[in-house]
Each structure stands twice: as C-alpha cells, then as structure tokens.
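Structure first, then comments.
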Amino acid sequence: MTSSLKKNSANQYTDEKYRYGFTTSIESEQAPPGLNEEIIHWISEKKNEPTFMLNWRLKCYHAWKKMREPRWSSVHYPPIQYEEIIYYSSAQKQAPKSLDEVDPEILKTFEKLGIPLHEREALAGVAIDAVFDSVSVGTTFKEKLSKLGIIFCSFSEAVQQHPELIQTYLGSVVPYNDNFFAALNSAVFSDGSFCYIPKHTRCPMELSTYFRINAAKTGQFERTLIIADEGSYVSYLEGCTAPMRDENQLHAAVVELVALDRAEIRYSTVQNWYPGDAQGKGGVYNFVTKRGACRGYRSKISWTQVETGSAITWKYPSCILQGDESVGEFYSVAVANHFQQADTGTKMIHLGKNTTSTIISKGISAGQGQNTYRGLVRIQKKAAQARNYTQCDSLLMGSHCSAQTLPSIEVKNPTAKAEHEASTSKISEDQIFYCRQRGLSTEDAVNLIVNGFCKEVFKKLPMEFAVEAQKLLAVTLEGSVG
Amino acid sequence: MNQNREMLAIKNLHACINEKEILKGIELTIRPGEIHAIMGPNGSGKSTLANILAGREYCQVTQGSIMFENQNVLTMAPEERAQRGIFLAFQYPVEIPGVNNAYFLKAALNAQRQSLHEAELDAVDFLELAKIKLKELHMDESILQRSVNEGFSGGEKKKNEILQLVMLNPKLAILDETDSGLDIDALKIVAAGINAWKKADRSVLMVTHYQRLLDYITPDYIHVLIQGKIVKTGGKNLALELEQKGYGNLDSLQLTAMHEQRQ
Ligand SMILES: Nc1ncnc2c1ncn2[C@@H]1O[C@H](COP(=O)(O)OP(=O)(O)OP(=O)(O)O)[C@@H](O)[C@H]1O
Ligand SMILES: [Mg+2]
C-alpha cells in the first residue's frame, strides 16, 4: 500500500474528518481511502465522463454495496480492507528516474528474460524519455490501424470519442452485478483498453496493451473491451511479461469480448504480477473477470493464458457460445510456486446449435503452491449437437504442493457431448536422471520437462510470446527441484 | 599394468540401496576398444552397477572406487559423466511427454559440445547428422518429431536409445538389456549400428540375459554377476555354457573360491 494510505488508515475517520480529508486530497489529485457515492462522482468528473457513465458507475456501486466477497474458491487470504484502498489517484506514482533506482531483483529477472534495455526501463516504470522512442512507435502503429478503421485506444479516450459503442457494449458481456469484484471494477475502474475491429477487417498486427500502457499507466482496476465486428479477426496480447512490483495489493480487472458473425478474437495473456516472496509475504491478489460472447454465427473466441505471477489468482476466462456453430477455446498454464495460490479455469456456456468448446488446462504446483482448476461446461437445451472436450493436467514438483481439479458438467440437450480427461503427474526422478545422463543439467532438465508439459498451450501463443512464456516459466520455477 | 590403457577401473565396489547391500565388491577393468558382457540372474545387481556408473543417486557407494580415464567418477555429477563420454542405454527408457525427440537430442548433443568447448550445432547441421544416423539404423525420420519415448513400443524405445548413442558418440557405452524387446530383425540392425559406431578406442559394457545378442556383438570378456559379485569371468564361449547349464550349478562354495582366486 502507498505511504499516504498508511498515514490515513492510522486515523479513525468521522464523517467530518472524511470530508475534510476529501478536500485536501482533491488538491493532490488523490481521493481519500474508502468508497462512497461522492468518490464515484468525483472519479467520473475527473475523467470528464458523460452522464450515462456516471449513472452506470453509481448503479454498479450500489449493486456492489449489497454484494459479498465470494468465498467459494480455494484461495485463502486475510480480509481485504476495502475502506483503506484509494480508488483514484491521478498523480503518477514517483517514477524511478533511471534503472539505477529500480529494485535489483527486478533487473535480474529482466536480464534472465533477455528483455532489451529500453524495454526494461519501460517495464520497470522508468519515466519514458528520449531513450525509449515509444512516441514514434505508437504513432506509426496508430496511423496504420486507423487507415483500416480499427479503433485501439484507452478506455477513457473511447468514452469521449466513441460513446455510442461504449454505451452499446459496456457491461453487455459481464453484467454490472455479475460478481463482487466485477461490480467493484465497474464502479471505480480508472482506465483500460478499448478495441473495435470493423467488418471484414483482419487486424494486421498483434495488438498489445504493452504499447498502450507505456503511454498511460492504467490502474489496478482496469477494464478492457474488444469488439470484433462481422467477419473480422484480431489477436490481442495482454501482458506484463515482467514483474511490476506494485505496492497495491488488489487487482480487480474486467475484460469483455464480443465477436459478431464469423468474427474471431484471440486473447493471449502472460501474467507475471509480483507473486510475493519465497516466504509468502506480499504479492498481488489478482481477481479478474474475463468473458467473451460469441454472439454471431460461426464466431470464435480463444483464450490463452500463462499465469505465473500473483500471490492469488482468481480468474475464469469464459465463453458464451450464443451463435450457432460458434467456437470457444481455453488454453491455460497456471503456476503456483512458494506460497502462491491459483484458482483458475473457465466456463463454456453453450447456447447455440453445433457449438464447440475446447479446454486445455495445465496446472503446475511447486514449493507450497496450491493450484485449482475450476471449470463449468453448461450445454443448454437448445444447443443441439454441442461438443466439449476438456483436458486438465496437473504437474507436481516436490511434495508440499497441491493440485485439484473441479470440473462441473451440465448437459441439458441429449444430442450434445462433453468429454473430460484429467491427469496428475510428478516430475519424476527418473525423467530428470534420464536427461542428466544425456548431459543436461538438472535445471535444463526441469525446464525441458515443464515445457513439454505445457506445449499444447504454448503453441497457441504468438511466437515471441511463447518464447517469453518459456523463459518466464524457467525463472519462476528456478530451484524448485534438486 | 599401464594405467593409461585403462578406460574404466572399478575396484572393490560396494553399494547399497536403502541400506541393503546390493553390490559386494565388484572388480572390473575395461580397456579402450574392449567389449565386456555382464550376465547373471534377475536381481543380481547388473542394472545397479550400470546406474552407479551413470551416477544414479539412490545407489550409495559405501566402499571402493571407480576411475574413468584416470579421473574419479564418484565425485562427478551424472551430466559431467555423460559429457565425458559415459553413456547408459537404459533398460527402461523414460518417457518425457511433449518434448520433441529432435529437440531433446539436439539439446543433449549441444550440452556435450559445450562442455568440450565446441561450437553448437545449428538446426540444419543437426538434422543432416540425424538423418544419416537414422538411415544407418533403418529408422523412420518421423521418430524425430515424436515426444521422447512417449507411446513408443518396447522395441522403438530401445532403438531410440541406440540412436542417441550413435548421435552422442560416447567413449563408453553401457547397454542395459538393449536386446530385450527387440525382434530378430531389429536386433540385427541395432547390433550392426553399434558395431558401426564402435571404433578402435570405443568400449562397450553390455548387460544381457541372452546369447543371441552376443552372436552379433562379439564380447572380449563375459562376466557372471551373482548376488552382487562377479563370480566368473571368461571368453565369448562362457555364454554358451551358461545358456546350457544355467547359473544354478555355480554353487556358492565354488563361487567364493573362484572369487578369492581372482583377487
Ligand atoms: N530403486 C530401487 N529401490 C529399491 N531396491 C532396488 C532398486 N533398484 C534395484 N533394487 C534392488 O536391487 C537388487 C538388484 O537390482 P538390479 O536392478 O540391479 O538387478 P538386475 O541384475 O539388473 O536384474 P534384472 O536382470 O531383472 O534386470 C534387486 O534386489 C532390486 O530389487
Ligand atoms: Mg536389470
């Protein structure tokens, strides 16, 4: 938590003091801790939002007030003090002025990942100067896209420039009262990404938040909305491929995807938020709601995720297969090392005829890590001939970690079929010895075996991302065996 | 004896698995170019000896020494032994799901080259070499694209071991029952592959139960291992004798006597 938060939370607020704190905070462009209607008004005003946005935020806030934090998952953590969180701060955090000021641990990881120097600066949040030519990169890339009619901008910008799209689609996939964290995000989200691909347009490059985040740092409540119009295609990469050691603990993001007739969205994530130290201290709580709606005939949404970071991951990227013959996919690698807890999976909701879904989940547990796959495949009455294939594999490294698989399958149409396979394996001494007998070090052997385990997922990632994911996995699991 | 002429020298080797003594004083010397066979009943310690040479950790050496090219093997990590040229073809090759066979072989080869300060092979050179070797072993190229030993038949696994052997080109090849699981044609091919690989300075230590392998790879020496001791050593004809009479008639008194004589 930030230092100002520490200071404030030491005080007991009476209503009066609260208001007082409020005014002084306005001067510093930072809301006082806690959440109430006034703060929602203030956020919306700061962002100069149209009334429909304010009303929506208020509606979400009231819904959230009535909700309770979900307790059904397998993750354990001390209660989150929502009244101590600062929900809006426009003042940029003090960015380090050069790499010399960045935590050497982070720099070591960058080095291992082979990230070029200028990127390291950007990722570490070093104030961008002439060294990092992000401005020109950003511009050429934006021009190219706008020629095709593709909109790719920050969420705030989209609210100003394309309110009609926001009004149509915001909350249309993840309803404002979907769950506790989504409702909270909806009420207070500070920024995020927006993307619209027009009809029959194939986005010529992988769109990445990476470029955008350099331009404007998004907060802990970020929101992404991607709309692929009829016959369009987009591949979107979300990622922080390096650990951003964030002082704030709670991340509650929402991602909504909409695919219309014959449109395809591929959404890839490499998540490596700070996982806490080896003793389980610190780390990010990552409570994320990601959902895609395959609205159109033959539309397709594909989620690929490599989750190596965060102390807690609570995340179920899902697909609602409304359009006939639409396709949903979920490919996931989730790692829980040291004291990390991952509770992740997907939901595939089959509504249309001949819809198909594929779920490939690979969970890796090491140290004291705890990894849960939680999935739901629901095939509704009208989803004739729907098909699902699910495969959940767990890999255990060491004897203090755990893995569990909790699939739930509901089939309401007799012509539909759902298949489920699950396995749990250990990296065996035999495998490691076999590799070492051929001249490989223990570490290389472990990496080889783990990469083999994750292969089906890695091959779904765009090339450069796959390479980074592999390296990241190696760094994350370093020293887990032997 | 000229020390330099010894490739492998095992002296008074005692070893335990879970506190149980499995090897009870092994003496064995292999010179460059020699082929040695080890035979013996199930559970006598043949694989244990092979595993100890390769550096398997669950086998604890309690006494004795192993020297390879005048270096103490016992202090070396398994990968170092491999890099120095000790190769073990496993009795039960291990499956590594999802790891491409070609990738694995290339990684192994380059780990070895790196340790010898040689330049790494790139994908093109590697593939060229692999294709030559595959042809020699009458193996299909498709094996390169499969996962290491995953879903391989028993025979395919053994062949894959030999592919690795000829690719890595070690100095000492330890073959643990490489013949079992091979049909007669495959056996001939594998034997031909090993013979083609084995040059004047390369040595072989092969564990087998059957004469038929020895028909194709002629050993210089045959050792009989019973209950953790080499009780008899002879020439290539010893195997025929054993095949006829079995191990049973080497009764224990005789064994001890013979063993003491050797020492
Ligand atoms: N990992 C292990 N744990 C416990 N005991 C073991 C282990 N490996 C081998 N042993 C024991 O050591 C003894 C020797 O086994 P080893 O595998 O060396 O026999 P072998 O001569 O190779 O037999 P075979 O001809 O059946 O392959 C046996 O009693 C076996 O049960
Ligand atoms: Mg054996």
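Among what's in region A:394-434 and is of a type outside the set (A, V, I, L, M) and within 30 Å of B:LEU165 (Cβ to Cβ), pick the residue that is surrounded by the most Cβ atoms within 10 Å (Cβ to Cβ). Ranking the candidates gives A:TYR434 first. Among the conditions (1) in contact (Cβ under 8 Å) with a residue 12 or more places away in the chain; (2) of a type outside the set (S, T, N, Q); (3) out of contact with any Leu (no Cβ under 8 Å at 6 or more places or on another chain), A:LYS455 misses just one, which is (1).
B:PRO170 meets each of the listed conditions (1) away from ligand 2 (no atom under 16 Å from the Cβ); (2) assigned to a helix (DSSP H, G or I); (3) within 13 Å of chain A (Cβ to nearest Cβ); (4) crowded, with 16+ Cβ neighbours inside 10 Å apart from (2). Restricting region B:82-108 to residues that are at the interface with chain A (Cβ under 8 Å from one of its Cβ atoms) and under 17 Å from B:LEU205 (Cβ atoms), the residue that is surrounded by the most Cβ atoms within 10 Å (Cβ to Cβ) is B:LEU88.
When residues in region A:181-194 are screened for being in contact (Cβ under 8 Å) with a residue 60 or more places away in the chain and either assigned to a strand (DSSP E or B) or open to solvent by 10 Å² or more (accessible area, probe 1.4 Å) (or both), 2 of them pass.
Do we find that B:ASP185 is out of contact with any Asp or Glu (no Cβ under 6 Å at 6 or more places or on another chain) and open to solvent by less than 10 Å² (accessible area, probe 1.4 Å) in this structure? For B:ASP185, the condition - out of contact with any Asp or Glu (no Cβ under 6 Å at 6 or more places or on another chain) and open to solvent by less than 10 Å² (accessible area, probe 1.4 Å) - is not met. When each of B:PRO93, B:PRO32 is tested for being touching a residue at least 12 places away in the same chain (Cβ under 8 Å) and within 16 Å of ligand 1 (Cβ to nearest atom), the lone residue that passes is B:PRO93.
Those strands (runs of 3 or more DSSP E) of region B:1-43 in which 2 or more residues are not aliphatic (A, V, I, L, M) occupy B:8-17, B:20-30. Restricting A:GLN391, A:GLN385 to residues that are closer than 20 Å to A:PRO317 by Cα and either surrounded by fewer than 23 Cβ atoms within 10 Å (Cβ to Cβ) or among the acidic types (Asp, Glu) (or both) narrows the list to A:GLN391. The single residue among B:LEU49, B:LEU23 that is crowded, with 23+ Cβ neighbours inside 10 Å, more than 8 Å from ligand 1 (Cβ to nearest atom) and away from chain A (no Cβ under 14 Å) turns out to be B:LEU23. Within region B:193-250, the set of residues being closer than 19 Å to B:ASP179 by Cα, touching a residue at least 60 places away in the same chain (Cβ under 8 Å) and part of a loop (DSSP other than H, G, I, E, B) comprises B:LYS198, B:THR208, B:HIS209, B:ILE217, B:THR218, B:PRO219, B:ASP220. Taken over region A:167-180, the criterion of being out of contact with any helix residue (DSSP H, G or I) (no Cβ under 9 Å at 6 or more places or on another chain) and open to solvent by less than 20 Å² (accessible area, probe 1.4 Å) is satisfied by A:VAL173 alone. Screening the candidates A:VAL254, A:VAL327, A:VAL333 for the property of being buried (at least 24 other Cβ atoms within 10 Å of the Cβ), farther than 19 Å from A:PHE189 by Cβ and among the hydrophobic types (A, V, I, L, M, F, W, C) yields one hit, A:VAL333.
When region B:211-263 is filtered for residues that are within 16 Å of ligand 2 (Cβ to nearest atom) and at pLDDT below 85, only B:TYR247 remains.
Can B:ALA37 be described as within 16 Å of ligand 2 (Cβ to nearest atom), open to solvent by less than 10 Å² (accessible area, probe 1.4 Å) and within 14 Å of chain A (Cβ to nearest Cβ)? When the stated conditions are applied, B:ALA37 does not pass them. Here's a check for you: in region B:56-81, which residue that is in contact (Cβ under 8 Å) with a residue 24 or more places away in the chain and within 16 Å of ligand 2 (Cβ to nearest atom) is surrounded by the most Cβ atoms within 10 Å (Cβ to Cβ)? This residue is B:CYS59. Against the criterion of being more than 10 Å from every other protein chain (Cβ to nearest Cβ), over 27 Å from the mean Cα position of the chain (by Cα) and farther than 19 Å from B:GLY98 by Cβ, A:LYS412 qualifies. For A:GLU464, are the conditions met, namely being of a type in the set (Asp, Glu), more than 9 Å from chain B (Cβ to nearest Cβ) and touching a residue at least 24 places away in the same chain (Cβ under 8 Å)? So A:GLU464 fails the test. Mind checking which residues of region A:435-448 are at the interface with another protein chain (Cβ under 7 Å from one of its Cβ atoms), assigned to a helix (DSSP H, G or I) and open to solvent by less than 10 Å² (accessible area, probe 1.4 Å)? Within region A:435-448, just A:GLN437 meets the criteria. Only one of A:THR313, A:THR355, A:THR344, A:THR308 is buried (at least 24 other Cβ atoms within 10 Å of the Cβ) and touching a helix residue (DSSP H, G or I) at 6+ places or on another chain (Cβ under 9 Å). Can you tell me which? Within the list A:THR313, A:THR355, A:THR344, A:THR308, the selection yields A:THR308.
For region B:138-166, taking the residues that are in a loop (DSSP other than H, G, I, E, B) and within 11 Å of chain A (Cβ to nearest Cβ), the one that is least open to solvent (accessible area, probe 1.4 Å) is identified as B:ASN149. Against the test of being surrounded by 23 or more Cβ atoms within 10 Å (Cβ to Cβ) and either within 16 Å of ligand 1 (Cβ to nearest atom) or more than 16 Å from the chain's Cα centre (by Cα) (or both), the options B:VAL224, B:VAL190 yield a single qualifying residue, B:VAL224.
B:ALA54 satisfies every condition listed in (1) under 13 Å from B:LEU205 (Cβ atoms); (2) out of contact with any Pro (no Cβ under 9 Å at 6 or more places or on another chain) except (2).
Inspection of region A:222-233 finds no residue satisfying the criterion of being at pLDDT below 95, in contact with an Asp or Glu (Cβ under 6 Å, 6 or more places away or on another chain) and open to solvent by less than 20 Å² (accessible area, probe 1.4 Å).
The values are calculated or read from the model by the stated rules, or taken from the named source; none is laboratory data. This is a predicted model, so every value here is computed, not measured. No Cβ is skipped: glycine too gets one built from the backbone with ideal geometry, and neighbour counts run over all protein chains shown. For accessibility, only protein heavy atoms count, side chains too; no ligands or nucleic acids. Shrake-Rupley method; radii C 1.70, N 1.55, O 1.52, S 1.80 Å.
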